[in-house]
1. Can you find, within the range 79-108, the residue that is modelled with the highest pLDDT among those that are within 24 Å of Ile155 (Cβ to Cβ) and assigned to a loop (DSSP other than H, G, I, E, B)?
2. Against the condition more than 14 Å from the chain's Cα centre (by Cα), among the basic types (Lys, Arg) and buried (at least 17 other Cβ atoms within 10 Å of the Cβ), how does Lys54 come out, does it pass?
3. Which of the residues belonging to the range 170-218 are touching a residue at least 24 places away in the same chain (Cβ under 8 Å), more than 16 Å from Glu4 (Cα to Cα), part of a helix (DSSP H, G or I) and open to solvent by 60 Å² or more (accessible area, probe 1.4 Å)?
4. What residue, of Ser219, Ser158, Ser224, is touching a strand residue (DSSP E or B) at 6+ places or on another chain (Cβ under 7 Å) and at pLDDT below 95?
5. Being assigned to a helix (DSSP H, G or I), open to solvent by 30 Å² or more (accessible area, probe 1.4 Å), more than 19 Å from Glu157 (Cβ to Cβ) and in contact with a Ser or Thr (Cβ under 7 Å, 6 or more places away or on another chain) is the requirement here; does Arg60 meet it?
6. One residue is enough: does the range 101-110 have a residue meeting the conditions small (Gly, Ala, Ser) and surrounded by fewer than 19 Cβ atoms within 10 Å (Cβ to Cβ)?
7. Can you name the residue in the range 219-240 that is within 13 Å of Arg84 (Cβ to Cβ) and part of a helix (DSSP H, G or I) and is also most open to solvent (accessible area, probe 1.4 Å) among such residues?
8. For the range 115-153, which positions are surrounded by 14 or more Cβ atoms within 10 Å (Cβ to Cβ) and assigned to a helix (DSSP H, G or I)?
Amino acid sequence: MEWENKLREVFEEIIWQIPERVGVIFSGGVDSSFLAYLINMHDKDVHLYTAGSKDSHDKRWAEKAAVLLGLPIKFIEPDAEEIRKAIKEIKDIESGTDALSILIDLPLYFVCKYSLNPVLVSGQGSDELFLGYKKYESKNTSEIDLKKLLQRDIIRESKIAERFNKKIIFPYLDIALISLANSIPYEFKIKDGIHKYILRNTALRLGLNPEIAWKPKKSAQYSSGFKYFVDIMALNEGKKTYEFIRDL
């Protein structure tokens, strides 16, 4: 209970600093859902944005989660030509970006492109702070991963947003939250096989729908359907996915 109370206090301060009207880069997972829930609870105008393929997990679940949250959502479904162009632009924005990072960035790219909100909120950083990845069970490299996120990925994502005259806010990367999260013991972050336990439990205590709070994590490149979509595009050209992305 002590850690939940401390997290609640820090999130309270963070949410007050968020503008009155924002869009949330939304997957329906606990990270983005908790932020959207808190922003809405503070009587701010929040709109959800999700990008992916029409048969993707993200489309099905994000739309359901939006209903559970009682918030409006826009689903963005780009075609093959748009995806091809997006990959080229991401490579142009940050040369040397690896194929996996590009696939992960595709949902963000399309949300930034089609969002009607100039300020967007991202759930980036939660997995590193609260041990969301399964790999942390055997080797906790979260501090190294957080450093890479801050020095590389966040900069690239901000540049993508700037391409469309948008700004991204990263609440989980607030200095006060990072400091607090670093002081929370490992056993509160992964408990009984549940990753991000302390965050999920805090969200639940503050009123987030239980189905959302306890939903297992899915990797963005797979849940959005973009990995499969690009795999097919590559196959049609007789290439492996990384070769297809490299050659664009």
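The values are calculated or read from the model by the stated rules, or taken from the named source; none is laboratory data. What you see is a predicted model; the values in this text were computed from it and never measured. Because the Cβ atoms are built from the backbone with ideal geometry, glycine has one as well, and the counts that use them run over all protein chains shown. Note: areas computed on protein heavy atoms with side chains; ligands, DNA, RNA excluded. Shrake-Rupley method; radii C 1.70, N 1.55, O 1.52, S 1.80 Å.
1. Ranking the qualifying residues of the range 79-108, first place goes to Asp98.
2. no
3. Glu211, the sole residue that qualifies.
4. From the options Ser219, Ser158, Ser224, the qualifying one is Ser224.
5. no
6. yes
7. Asn236
8. Answer for the range 115-153, where residues must be surrounded by 14 or more Cβ atoms within 10 Å (Cβ to Cβ) and assigned to a helix (DSSP H, G or I): Ser126, Asp127, Glu128, Leu129, Phe130, Tyr136, Ser142, Asp145, Leu146, Leu149, Leu150, Asp153.
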